[in-house]
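Since the structure comes first, as structure tokens, the remarks are kept for the end.
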Amino acid sequence: MFCAFDDGQFAVLMGRYQPTGPGYALVVPYAHIPDLHSLSQSECGQVLHLVARVSAGITSAFDVTGTTVVENNGRPGQSVMHLHFHVVPRWEGDRYPRRTEKPESDRVLAEQSARLAAVLGSSTGRPR
């Protein structure tokens, strides 16, 4: 994982497996919050504002047609019981959902993370 944004409360991480192509990111709070239902109204506003910024940033940095935002609550669809939002870049005909067969290299992830960090106004882009 590479970090494209970190404000001490939330991080934006880019992972090795990318469902549709370059730019896939996770928005994750530092505090252990098991699911969306556990957020306060203020926390909900903060995280959704960041998710919207990340979606716009991915659209700009990776020249995508749009994004899909996914967040699971409860055990179905969850492998980690910690709130996180998947922000998935989308292109026409991308056959989402699918998983890339080959993980991205550290070099590619560092480049993608730096591109997203630049549009988010962040100086991160380091491995996590």
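The values are calculated or read from the model by the stated rules, or taken from the named source; none is laboratory data. Treat the numbers as computed from the prediction; the structure is a model and nothing was measured. Counting neighbours? That spans all protein chains shown, and the Cβs are built from the backbone with ideal geometry, glycine included.
Some notes on this structure:
- Flag if Gln78 is farther than 27 Å from Arg115 by Cβ, surrounded by 12 or more Cβ atoms within 10 Å (Cβ to Cβ) and among the polar types (S, T, N, Q): yes
- Within segment 53-74, residues that are within 17 Å of Leu13 (Cβ to Cβ) sit with their Cβ atoms under 6 Å from residues that are in a loop (DSSP other than H, G, I, E, B), at 6+ positions apart or across chains, in these pairs: Ile58/Gly23; Phe62/Pro22; Phe62/Gly23; Asn72/Gln78.
- Any hit, segment 69-86, residues being at pLDDT 90 or above, within 16 Å of Leu120 (Cα to Cα) and outside any loop (DSSP other than H, G, I, E, B): no
- Hey, Thr124 at pLDDT 90 or above and hydroxyl-bearing (Ser, Thr, Tyr) or not: no
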